[in-house]
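Each remark here refers to the structure printed beneath this line.
The values are calculated or read from the model by the stated rules, or taken from the named source; none is laboratory data. A quick note: this is a predicted structure, and the numbers were derived from the prediction, not measured. Ideal geometry is used to build each Cβ from the backbone, glycine not excepted, and the neighbour counts take in all protein chains shown.
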Protein chains: 2
Amino acid sequence: MNGADQLISSLRAGGVDTVFANPGTSEMHFVAGLDRYSDVRGILCLFEGVATGAADGYARMTGRPAATLLHLGPGLGNGWANLHNARRAHVPLINVVGDHATYHAHFDAPLQSDVVALAHTVSALVENPRSPGEIADAVQRAIDTATGRPGAIATIILPADASWGEIDALRTSPAPTRRATPVDEASLVHARRVLREPGTCVFVGGEALSAAGLSAAHRLARGGVRVLSETFPTRQAGGATHFTPERLIYLSEFAQAQLADVTTMIVVGGRVPVGFFAYPDVASELLPAGCDVISLADDTHDAVDILHDLADGFAAGPMESTSPARPSGDLTTFTLAQAVASTLPEGAIIADESNTGGIHLYGQLAHSAPHDLLTLTGGSIGFGLPVALGAAIGGGGRRVLSLESDGSMMYTPQALWSMAREGCDVTVVGLSNRSYGILNLERQRVGAVDGGSTSQRMLDLDNPALRLAEVARGMGVPARTVQSADELVTALHESYQTSGPTFIEAMLPKGLS
Amino acid sequence: MNGADQLISSLRAGGVDTVFANPGTSEMHFVAGLDRYSDVRGILCLFEGVATGAADGYARMTGRPAATLLHLGPGLGNGWANLHNARRAHVPLINVVGDHATYHAHFDAPLQSDVVALAHTVSALVENPRSPGEIADAVQRAIDTATGRPGAIATIILPADASWGEIDALRTSPAPTRRATPVDEASLVHARRVLREPGTCVFVGGEALSAAGLSAAHRLARGGVRVLSETFPTRQAGGATHFTPERLIYLSEFAQAQLADVTTMIVVGGRVPVGFFAYPDVASELLPAGCDVISLADDTHDAVDILHDLADGFAAGPMESTSPARPSGDLTTFTLAQAVASTLPEGAIIADESNTGGIHLYGQLAHSAPHDLLTLTGGSIGFGLPVALGAAIGGGGRRVLSLESDGSMMYTPQALWSMAREGCDVTVVGLSNRSYGILNLERQRVGAVDGGSTSQRMLDLDNPALRLAEVARGMGVPARTVQSADELVTALHESYQTSGPTFIEAMLPKGLS
């Protein structure tokens, strides 16, 4: 028995049974150890950003941490961007990063780097056990941190000799408990008092966007309270049977207009909204000056309970919804959204990285079959395909729909291979507009409007055209290309009848549309 | 005129005229600024690891830094692994990382992270100018650091408001000079005294592996001195017209056997070799106990001059070489190496990430046309295609041959698209063995030999088979698949006659071979 056994066994005891792995030499004892734990599932990823993004998606669907298995500093570096998104999603996640043997570090071998410093830049907790005997406690602290409130990233840096070092017996650790900060009663009283005033709005985010949270939000809305929701939720219940709040607009100027009449914002389960970026002559604050903010629940609270407390005395009622229209004709961002909404199977999980191509999606999904929506919480593109992979693994057999714009898809396309390997029921729609659409917009917004040919060339994705369907086929995923709304509807229908992943390349007009 | 103008102008004055870019909103003023500097070339990369690896390859061929343009913490994170390789290659490189406006940081917007701490983990110098007026000096220090001896990575973190802030006039900076540490004369005398003793070897690395350095090494070898070279050089002149030293073996046990009789090692232009990884019951040191080490030149010295000093009194002579054999029949790692060596065009640049598939390459290339060999200096796979891209941009029209194993290729395949876009004359050979060959080997070496089905599945790349040629086509690169040595010879010949990139998928036997 060795340190790797202790690590896997302690993770298992803490509820971790899934490992998204891209191992190297320093992780070979961990990999070999997997053979001795048949109830721990190892999923090979071809790139570490796939592993970290998949662990994020898994946690969003299960509420439990998966482990990643990464190879030294470069492995953690490759996984960093999707860890950033996971950090912003407040999901539980445990990284296991193999490192050189303790006595080997001072030789400064080619793969040596300051893994601990690197890990601190993206982790709430960094553990670095130096011997097999230190592993059990390190894992315990990691699980406590990861599964606390809010969920967080804990990174265990495991020297190779701690992994291969022998131990006499495995130590077990108690299961952690998840504690919530109680609501501040004075704030709750204050919130109730101003709730029906005309300038008051309730801003919901985090766990308040679950089905249970949204049922309370619906009662508030029925009672005349304005309810707004955060722009990029970790997970939001959607579809015709759920209440769909008014979503805060991404662009600062529009969000400021949207919030211009707000005099009091009651925040439940999220954070006071701020501008995604700064822009010349545009304030970073989105709320009007003098607006009162009552923070009832952040990510340390039980936002669902608190939202129900707030809605106490508001009556429930039926959801009203129209059926989504089935589109035909040209494929545009609007008909694409209609196609998605009108064909969506019940209980689907949508991993949305459609960006500018998905501008009409939220509105159309309000009429669709019930689903969960996962969005880009940290702004680092390349999250969509990996999160779809993880959501499929953790989704209990639910269909996953991955909406992926071409620019974003090219960051982590390797996730497609793992979907094929694991037989995941994922429908990927690759939105081809041959452009960094969002950047063409942002270039104008920051006032950098010269628009010369050099800069334009930095934002276009044609020449050569990316053939997304071929990329997908190269990774072992059956793929087709659709040119019209009707073809997209047909392709979506067929994919939902087919086991395993399917890739649909949807040809949208070039650029912003 | 704004801070972006100052930045581009200062970079230009410091000899930087090439930018490998993956920009986002915070970099839009820099992108727009490129329109005003027609002698600065911007090259769009679809993923930041492509940009950083390309800057590495560019520096290896030109000796000058390129700039990268990266988007906040996640952009730097995605570029981290190839920056690690570049750091180990001691190449000059300047990162420009856009950041939120200074006043926006405290809002902790979704993309906020500790970019400075992240940059320190992989940079020799981190600059963070807070206003347009601080940019000129920051760039000056960055260029001084990057182009010093050894070459190094300098990272400039540029807040958006420093980029868009107005300035009255551009400041200019003096051009840096490159200084070398002088040789320690006593060590040189000592080295000369023991040079002809039977247990002495000269270990060459770094710039000593240039054509000029190898001509001195050849004189030593002709005089009976044993000359060994580092395993993973930044750049090594090769082919029949250059001296090919005995390469230090990658595997520690074999390297220890190779060095067993060495009593004195004279190091010129590299570092004392150490084990790449630690293994149970294998020492990290490769030299025998009691071996004397004379370090004549590290990366701060002019290793070429010092090697010539050392070889003073040794006579030059003609190179002896046989012509490389042209293979036929099955495609194996051996016939692949023969095919490469026998068809190589004169002056080619080889970016080698063939790993286990390239085991016979070094031996065969000793007989080939003259070329430069670029290898994986930092052990972080995914370097090959990006370095090939950068070498093509900086190579002055020389053909680039990129030898890329399937596992490694899947880390940064997006480089193929930039090759097509820029019309780079790159021949990529994708070595398909459907396996992490090196890990199958390493798993046995670390003693993790259980070899159960779960662990085996973590090391195999079949199911589904990667179709490398389709991945390449999806990125706009013409591609074909070859099954035999003869087909490979033909495909290589044809690719060398064709402008722009070509992809050749070479089907090797599965696993180690």
Item checked: Selection count where residues are touching a residue at least 12 places away in the same chain (Cβ under 8 Å), farther than 17 Å from residue A:160 by Cα and surrounded by fewer than 20 Cβ atoms within 10 Å (Cβ to Cβ), scope the range A:91-124 -> 1
Next item on the list: Return yes or no: is residue B:84 over 27 Å from residue B:269 (Cβ atoms) and not assigned by TED's automatic domain parsing to the domain that holds residue B:376?
Entry: no
Notebook entry, point to check: Just for the range B:462-498: of the residues that are at the interface with another protein chain (Cβ under 7 Å from one of its Cβ atoms) and of a type in the set (Lys, Arg), which one is nearest to residue B:406 (Cα to Cα)?
Noted result: B:467
Margin query: Could you list, ordered by first residue, the pairs with Cβ atoms under 9 Å in which the first is in the range B:232-257 and more than 14 Å from chain A (Cβ to nearest Cβ) and among the hydroxyl-bearing types (Ser, Thr, Tyr) and the second is assigned to a strand (DSSP E or B) and buried (at least 20 other Cβ atoms within 10 Å of the Cβ), at least 6 apart or interchain?
Written below: B:244/B:229; B:244/B:236; B:244/B:238
Check: Among (1) more than 10 Å from chain B (Cβ to nearest Cβ); (2) under 30 Å from residue B:1 (Cβ atoms), where does residue A:506 come up short?
Finding: (2)
Next item on the list: Return yes or no: is residue B:80 facing chain A (nearest Cβ under 8 Å), in contact (Cβ under 8 Å) with a residue 12 or more places away in the chain, within 22 Å of residue A:112 (Cα to Cα) and among the hydrophobic types (A, V, I, L, M, F, W, C)?
Entry: yes
Next item on the list: Return the residue satisfying two criteria in turn: it lies in the range A:282-304 and is touching a residue at least 24 places away in the same chain (Cβ under 8 Å) and closer than 23 Å to residue A:442 by Cβ, and of such residues it is nearest to the other protein chains (Cβ to nearest Cβ).
Entry: A:284
Note to self: So, residue A:197, is that one of a type outside the set (A, V, I, L, M) and either touching a helix residue (DSSP H, G or I) at 6+ places or on another chain (Cβ under 8 Å) or farther than 26 Å from residue A:265 by Cβ (or both) or not?
What the structure shows: no
Next item on the list: Quick one: which residue in B:144, B:161, B:184 is surrounded by fewer than 20 Cβ atoms within 10 Å (Cβ to Cβ) and more than 26 Å from residue B:314 (Cβ to Cβ)?
Entry: B:144
Margin query: Any residue at all in the range B:46-67 that's at negative phi, touching a Lys or Arg at 6+ places or on another chain (Cβ under 8 Å) and within 14 Å of another protein chain (Cβ to nearest Cβ)?
Written below: no
Item checked: Single residue of B:4, B:13, B:86 found to be more than 9 Å from chain A (Cβ to nearest Cβ) and at pLDDT 95 or above -> B:86
Notebook entry, point to check: In this structure, does residue B:284 turn out to be crowded, with 17+ Cβ neighbours inside 10 Å, in contact with a His (Cβ under 6 Å, 6 or more places away or on another chain) and not assigned by TED's automatic domain parsing to the domain that holds residue B:402?
Noted result: yes
Notebook entry, point to check: Do we have residue B:228 as touching a Pro at 6+ places or on another chain (Cβ under 9 Å), closer than 30 Å to residue B:390 by Cα and not in a helix (DSSP H, G or I) here?
Noted result: yes
Check: On the given criteria, is residue B:331 in contact (Cβ under 8 Å) with a residue 40 or more places away in the chain and either buried (at least 24 other Cβ atoms within 10 Å of the Cβ) or in contact with a Cys (Cβ under 6 Å, 6 or more places away or on another chain) (or both)?
Finding: no
Check: For the range A:115-147, which residues satisfy the criterion of being under 24 Å from the mean Cα position of the chain (by Cα), within 11 Å of chain B (Cβ to nearest Cβ) and part of a helix (DSSP H, G or I)?
Finding: A:118, A:119, A:120
Next item on the list: Tell me, please, whether a residue that is modelled with pLDDT of 95 or more and touching a Phe, Trp or Tyr at 6+ places or on another chain (Cβ under 8 Å) can be found in the range A:184-201.
Entry: no
Check: Considering only residues of the range B:261-275 that are buried (at least 19 other Cβ atoms within 10 Å of the Cβ) and within 18 Å of residue B:377 (Cβ to Cβ), which is nearest to the other protein chains (Cβ to nearest Cβ)?
Finding: B:274
Margin query: Just to verify a result, which residue in the range A:29-42, among those that are within 29 Å of the chain's Cα centre (by Cα) and facing chain B (nearest Cβ under 9 Å), is nearest to residue B:436 (Cα to Cα)?
Written below: A:31
Item checked: Positions within the range A:479-493 being β-branched (Val, Ile, Thr) and either over 15 Å from residue A:340 (Cα atoms) or crowded, with 20+ Cβ neighbours inside 10 Å (or both), in sequence order -> A:481, A:482, A:489
Margin query: Please determine whether any residue of the range B:104-111 is within 32 Å of the chain's Cα centre (by Cα) and in a helix (DSSP H, G or I).
Written below: no
Item checked: Residues located in the range A:394-418, provided they are more than 24 Å from residue A:465 (Cβ to Cβ) and touching a Gly at 6+ places or on another chain (Cβ under 8 Å) -> A:394, A:398, A:399
Check: Assuming residue A:369 fulfils every condition listed in (1) surrounded by fewer than 24 Cβ atoms within 10 Å (Cβ to Cβ); (2) within 14 Å of chain B (Cβ to nearest Cβ) apart from one, which condition is it?
Finding: (2)
Item checked: Those residues of the range B:18-28 which are within 8 Å of chain A (Cβ to nearest Cβ) and part of a helix (DSSP H, G or I), in sequence order -> B:25, B:26, B:28
Note to self: Just the residues that are surrounded by 22 or more Cβ atoms within 10 Å (Cβ to Cβ) and under 22 Å from residue B:330 (Cβ atoms), please, taken from the range B:451-468.
What the structure shows: B:461, B:466, B:468
Notebook entry, point to check: Within the group B:499, B:484, B:435, B:495, which residue is touching a residue at least 12 places away in the same chain (Cβ under 8 Å) and under 25 Å from residue B:253 (Cα atoms)?
Noted result: B:435
Checklist line | Out of B:381, B:359, sole residue that is among the aliphatic types (A, V, I, L, M), touching a helix residue (DSSP H, G or I) at 6+ places or on another chain (Cβ under 9 Å) and at pLDDT below 95 | finding: B:359
Note to self: Tell me the residue from A:342, A:432, A:380, A:328 that is within 28 Å of residue A:18 (Cα to Cα) and not β-branched (Val, Ile, Thr), please.
What the structure shows: A:380
Margin query: Looking at B:195, B:209 in this structure, which one is within 21 Å of residue B:308 (Cβ to Cβ), in contact (Cβ under 8 Å) with a residue 40 or more places away in the chain, in contact with a Ser or Thr (Cβ under 7 Å, 6 or more places away or on another chain) and crowded, with 17+ Cβ neighbours inside 10 Å?
Written below: B:209
